[in-house]
1. Report the label-to-label distance for residue A:12 and residue B:52 in nanometres (one decimal), using points 7 Å from each Cα along the Cα→Cβ vector.
2. Within the range B:67-85, which residues have the backbone N less than 20 Å from the label spot 7 Å out from residue B:41 along Cα→beta-carbon, could you tell me?
3. So for the pair residue B:91, residue A:186, with labels modelled 7 Å out along Cα→Cβ, what separation do we get in nm?
4. Give me the number: length gained by fully extending residue A:92 to residue A:38, i.e. 0.36 nm times residue separation minus the C-alpha to C-alpha distance, one decimal in nm.
5. For the residue pair residue B:116 and residue B:198, what label-to-label distance in nm results when each label sits 7 Å from Cα along the Cα-to-beta-carbon direction?
6. Mind checking the full-extension length gain between residue B:142 and residue B:182? Use 0.36 nm per residue of separation minus the Cα-Cα distance, one decimal, nm.
């Protein structure tokens, strides 16, 4: 621990008391052993494919989505242009088409698929922010956060509850965005924090349905008091 | 042991030759990052050692943030589930594993607090932990009780900094990576937090009968 630089500024007695207070917080030995076994078992089960590994970011997750895409791809019949638009990010020529296609899908989809579409739209917007940030296009990434917020707003207004798979996907967004935020220049931080806020919506809603399926939240609202 | 786990272990044994087990016996002093690499490569031993290396600190961190034993246990369990699940996606070399793991813990705590009291701030949530919740966690003397009570009056960021520095045992640089802040900011938060605690505890001393 590198706390020597702070120690000089603090009262030693208070620092010691803090350390003692922390040291008092010990897990119950039985709980500790049980969790160790659970953790190792889970690792083995995941490694051997006995339980499902959550989908990687950007993967299509549900059968409903696959069916939806297949049917809508036919209905919309925009072929190569439409396909190309799927990979567009804010600022690209085809990006408005991507949004229009999503909007059309939402309008013609059955109510049963509405939740999937709204959740998918939020995932897409977060993907776009992340893609731009990973490419180092920080200002475009920050600018794209507004669309993520809007997607989150639509999901919120719709009143749907995320399922476990959606919550897991949002958890991945939270982790990735938090990583990116640490590397972001100051000028892009606000935008990324807004995207992170949007990503934390999903898990919180999912939690109300099934506490076991919750994923983590971000640090929205925790502004630096300095 | 549940039937599922028993079956999982049997299946794991059957497939063992194909699993990339990394021998750590030659690395008795392997660091956390080294263990994380081996764990991501499939080593069960590395996962167990990683757990041993982190569990107390992650538990202390969560317990200091939520203050109820049951919540701390639930969150710690959730954190290790996420660590194990996301191990293959951990990007080695980008940042220390501990910072990555504690970031997961931090997010889990924040998620928990929001879920418990969606309309209250972290400050307000902390107030409810004083008294009954704190009593559930071993308390050795009144000074520590008073200190923990005083901690709940800090801002969320100050509480976070204190928990990461003193409960998790992270350096200012490591805590900064977890919080997504600069190390100087974390030092400042810690400094102000300690100053506030000192002030509040001094007030408590004066008002004591």
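Here, each number is a calculation from the coordinates, and none is a lab measurement. Since we're looking at a predicted model, the values are computed, not measured. As a convention, Cβ positions derive from the backbone with ideal geometry for all residues, glycine included, and neighbour counts pool all protein chains shown.
1. For residue A:12 paired with residue B:52, the spin-label model returns 3.4 nm.
2. Residues B:84-85 fall inside that zone.
3. So the label points at residue B:91 and residue A:186 sit 2.4 nm apart.
4. Working: separation 54, 0.36 × 54 = 19.44 nm, distance 4.67 nm.
Gain in length upon complete extension: 14.8 nm.
5. Those two pseudo-labels are separated by 3.0 nm.
6. Values: separation 40, 0.36 × 40 = 14.40 nm, distance 3.45 nm.
The residue B:142-residue B:182 span can extend by a further 10.9 nm.
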